[in-house]
1. Mind listing the long-range amide H neighbours of residue 158? Cut-off is under 5 Å, sequence gap 5 or more, other chains count too, H placed in the peptide plane at 1.01 Å from N.
2. For 173, 252, 14, which order do you get if you count the other beta carbons within 10 Å of each Cβ and list the fewest first?
3. So, in nm, how far is label residue 126 from label residue 184 when the simple model puts each one 7 Å beyond its Cα toward the Cβ?
4. Any chance you could run the full-extension gain for residue 137 through residue 231? It's 0.36 nm times the residue separation minus the Cα-Cα distance, nm to one decimal.
5. Which residue, 136, 157, 58, has the largest displacement toward the positive end of the dipole of the stretch 2-258 when charges sit on each Cβ (Lys, Arg +1; Asp, Glu -1)?
6. Could you give the longest part of the chain that holds none of the GluC sites (Glu not before Pro) found in DSSP loops with at most 15 neighbouring Cβ atoms within 10 Å?
7. Once phi is turned into ³J(HN,Hα) by the Karplus curve 6.51 cos²θ - 1.76 cosθ + 1.60 with θ = phi - 60°, what whole-Hz value does each residue of the stretch 180-196 show in order, with x for glycine and proline?
8. Among 179, 147, rank each residue by its count of other Cβ atoms within 10 Å, from fewest to most, as a rough exposure measure.
Amino acid sequence: MLIIGELINCTRKKVGEAAQNRDVEFFQDIARKQVEAGADMLDVNGGLPGQEVEVLPWLVKIVQEAVETPLCLDSADPAALGRALPLCKQRAMINSITDEPARLQALLPLLKEFRPNVIALCLSESGPPHDVDDRIATASRLIDRLTAEGHSLDDIYVDPCVLPISTDSEQGKALAEATRLIVARYPGIHASAGISNVSFGLPSRKLLNDVLIVLLMAQGLDAAIVNPCDQQLMMNVRAAEALLSRDEFCAKYLRAFREGKLGQAA
């Protein structure tokens with residue numbers, strides 16, 4: 001399971017203020033804590049209005065001074081990505097590519113030059129998906145376009161688009177079914193999700209997030225953008241990996257136990 005740490009996100013008020021002030025220690029501390037908690041990759045969102053072209057490469061530089069973990073560049077701005085990608089010391093990921101022709105066309109030169117992994121978000125010109133069929137149709141168009149441009153299925157992480165169940169109670173079920181069908185249709189493809197979107201507008205959001213990631217893992221999810229400092233969520237992931245035969249001889253589960261990451265020992 002690829003855990004992508006979500007906490008370096010300048011659209012959040014406190015984080016945006018730290019970016020505005022160019023607070024190096026704030027971001028390096030967040031980066032270290034996420035990696036120590038188990039993040040395999042760090043999402044980096046420099047989305048300050050009017051400043052992303054300067055902020056994103058600055059974040060890439062200072063985060064890499066603190067950790068050696070690969071970065072997921074969370075931007076749709078070709079100019080910002082064009083300045084940030086050359087600074088990445090390891091192969092980066094782009095979050096995200098959508099089925100919007102003009103936006104995709106603008107990003108294709110960067111995809112060809114730097115060959116990042118990509119999150120292919122099931123979002124089209126007509127907006128978010130309504131059901132399972134929408135998600136599969138959009139995923140198919142994105143996969144066909146990306147593979148035609150030379151990307152292998154192993155480079156692509158399809159995000160079926162997590163939407164709030166507070167506004168449509170069918171969304172959780174549709175998301176799980178779409179994940180299962182996409183993974184089955186394209187052997188070798190990866191499935192990713194921005195988990196916390198599902199609980200927007202509801203109480204006890206953490207409970208819903210924690211349960212959703214386990215449900216989706218059972219359908220083939222193998223990457224997620226989450227808060228790795230949420231110990232219960234990470235405990236659930238390690239347990240699910242062991243139960244779904246994704247953790248040979250329960251090695252990761254046992255290591256997490258020895259490191260005190262599975263709660264208190266009896």
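Read-outs throughout are calculated quantities, based only on the coordinates presented, and are distinct from any laboratory measurement. Since the model is a prediction, treat every value here as computed from it, not as a measurement. Every residue, glycine as well, gets a Cβ built from its backbone with ideal geometry; the counts of neighbours run over all protein chains shown.
1. Amide H to amide H, under 5 Å and 5 or more residues apart or across chains, residue 158 pairs with 120, 190, 191, 192.
2. Numbers: 173 13, 252 17, 14 9.
Placing the least packed residue first, the sequence is 14, 173, 252.
3. The answer from the label model is 2.4 nm.
4. 30.3 nm
5. 58
6. Working: sites that count: 68, 125, 149, 170, 259.
With a cap of 15 other Cβ atoms within 10 Å, the longest stretch comes to 171-258.
7. Taking θ as phi minus 60°, the curve returns 4, 6, 5, 5, 5, 6, 10, x, x, 6, 9, 10, 10, 7, x, 4, 5 Hz for the stretch 180-196.
8. Values: 179 27, 147 15.
Taking fewest neighbouring Cβ atoms as first place, the list is 147, 179.
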